[in-house]
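The structure under discussion appears below in the form of structure tokens.
The values are calculated or read from the model by the stated rules, or taken from the named source; none is laboratory data. Please read these numbers as outputs of a predicted model, since none were measured by experiment. Cβ placement follows ideal geometry from the backbone for every residue including glycine, while neighbour counts extend to all protein chains displayed. Quick note on the areas: whole protein, heavy atoms, side chains included, nothing else; ligands and nucleic acids left out. Shrake-Rupley method; radii C 1.70, N 1.55, O 1.52, S 1.80 Å.
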Amino acid sequence: MKLIKNRLIFSFLLLCFVSSCIKNNLSSERYVIDKKVKYKLSGELDTSFNNKGYVISPEILNKEFSEVSITGEVYEDSIYVSGCFLINESFCQIYIAKYRTDGSLDKYFSNKDGFLIQDHFKNSSAEIFSSFAITKNGDIFIPGFVYPKYKTIFQELFHKEYPRNFIAKYNVSGVLDKKFSNGGILFYKIKNNAVENSFDMAIMPDDNHLLLAGDAHVSFKEKINNSEIVVGTNEDIPLLVKFNIDGTKDHSFGTKGILFPPHVQNNGNRNLQSEDKIKSIKLQKDKKILIAGHSWPPMDHFHSDKQLCCKRFLLGRMDPNGMMDKTFGNNGYVILNNYYDKKLLFMSELPQLIQINSIAIQDDNKIIVGGYYNENHPKSALARFNENGTLDTKFGENGYVFEKNIFSEDDEEFESIVIESTGRLITAGLARNKNLEQNFFLSAYTKDGELDKTFGNNGRVFSSNEHIGSLSIRGQISIKLQENGKLLLFGINSFSNDSGHERFFITRFK
């Protein structure tokens, strides 16, 4: 009798819990599967966030400023945003801001009302931010580079000096960690007479290593007619650098911590007009490293009627020690070729994805990539690959999702992808018209690439003043999921009350 009574009580409490969940989630679904809470976004603006659904950057330094770049991260119940902004015509500075989950600034962060301004480079003319990452214990790492500050025009014209790369480390309170490298900031150089850019950064699963990905602009010497001359000036080659958590290079990776992945064209040979760029990195559960971006092949204008041409997407995978994973694609790379036929004067094997901006990995280890196709007027595209790098033809149409007219604008491309706990794909993209005015859009797809019309308006959400209180988006955007299933969108905008000055914004959807 007592056992029956306990079961009745438990059933009653469970019914109350489920009823409460349904009552408090009228706009977004929240349900339990396998004892885990699953969330499904509706695409509606979450007006509980800052009482209007979005926040914009506060006025700092008692003056207006223009944004240059931005990215965001979610750590526990906090929201971080970082980027760099212009404080005059030629000088920009890096910042970090911390928000609570309700959209208010965390005024205990950095002891400066929740807003930290990086002012450690007194002798620089610019501080360029690229990305940032947060460890499991809340440590913040920001990579970037600084340009020297010249005292005279003569020095600027004739004293050639390349930017200095750096990584800065802050603790969870926004204070520079003086125990890291040289007083909290690590300066490093990869190759002399080269400009290096880092586009993405990741914390390795062991939380004890940092991985930076980008490219280097360099020149190579080749012998032509028995004379050694410089060719490939300002050629872009992919670059990965792995650091220990204390700022020293991890010598087990590549060559003393530095890796220039093999050129994807012509078995690794350097060629005039060839170019590879890494735009995004993603770490698999087995610690293997996915790299993605685009590749320009070398051109042979004299010896081939059917020649490789045009930008093509680049997707590669390597082991944790930096060796290309030969079980993935063709010797570690997945490349689909476009050709220009001189006799027929047309492009063949189109359309296809030609640049990857973002990567996501599904629970079954299949790889989703997003970017754009059609070089002249970019259009949004997704593709899915099996774990071995082959195209998964069960996704979308023969492995691809090609979006032809989302906004009916000139240019459209996916910038960021996240995967909901339900397995559904949420993508964020930008659309640009002929006047270079930009708007964002969100789209939802089933895990197999079908547009989910239960999200937003028939599967999509288009930006409006309601979402960002602004005129036009500028720069890039990115999206992150909170643990409660809500979606944060980070971007830069021109605001109507700021005389066209750009500020960052964070918008939340439920």
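For the range 461-471, check the following and say yes or no: at least one residue is open to solvent by 50 Å² or more (accessible area, probe 1.4 Å) and either part of a loop (DSSP other than H, G, I, E, B) or at pLDDT 70 or above (or both). Yes. None of Y54, Y39, Y80 is more than 21 Å from G174 (Cα to Cα), touching a Lys or Arg at 6+ places or on another chain (Cβ under 6 Å), at pLDDT 85 or above and open to solvent by less than 60 Å² (accessible area, probe 1.4 Å) except Y39.
For every residue, the table says whether it meets (1) modelled with pLDDT of 50 or more; (2) open to solvent by less than 50 Å² (accessible area, probe 1.4 Å); (3) farther than 12 Å from I237 by Cα.
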residue	(1), (2), (3)
T255	yes, no, yes
G268	no, yes, no
K285	yes, no, yes
H294	yes, yes, no
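For the range 128-137, the candidate set comprises residues that are closer than 17 Å to G247 by Cα and small (G, A, S); within that set, the residue that is modelled with the lowest pLDDT is S131. Scanning the range 39-59 for residues that are part of a helix (DSSP H, G or I) and under 18 Å from G491 (Cα atoms) gives F49, N50. Of the listed requirements (1) open to solvent by 60 Å² or more (accessible area, probe 1.4 Å); (2) modelled with pLDDT of 85 or more; (3) outside any loop (DSSP other than H, G, I, E, B), K107 misses just one: (3). Residues of the range 61-77 that are touching a strand residue (DSSP E or B) at 6+ places or on another chain (Cβ under 6 Å), modelled with pLDDT under 70 and among the hydrophobic types (A, V, I, L, M, F, W, C): F65, V68.
What are the residues in the range 421-439 that are within 17 Å of K510 (Cβ to Cβ) and either at pLDDT 95 or above or surrounded by 23 or more Cβ atoms within 10 Å (Cβ to Cβ) (or both), if any? Listed by number, the residues that qualify are R424, I426, A428. Is one or more of the residues making up the range 149-167 in contact with a Gly (Cβ under 9 Å, 6 or more places away or on another chain), modelled with pLDDT of 60 or more and either open to solvent by 60 Å² or more (accessible area, probe 1.4 Å) or in a helix (DSSP H, G or I) (or both)? No, that holds for no residue.
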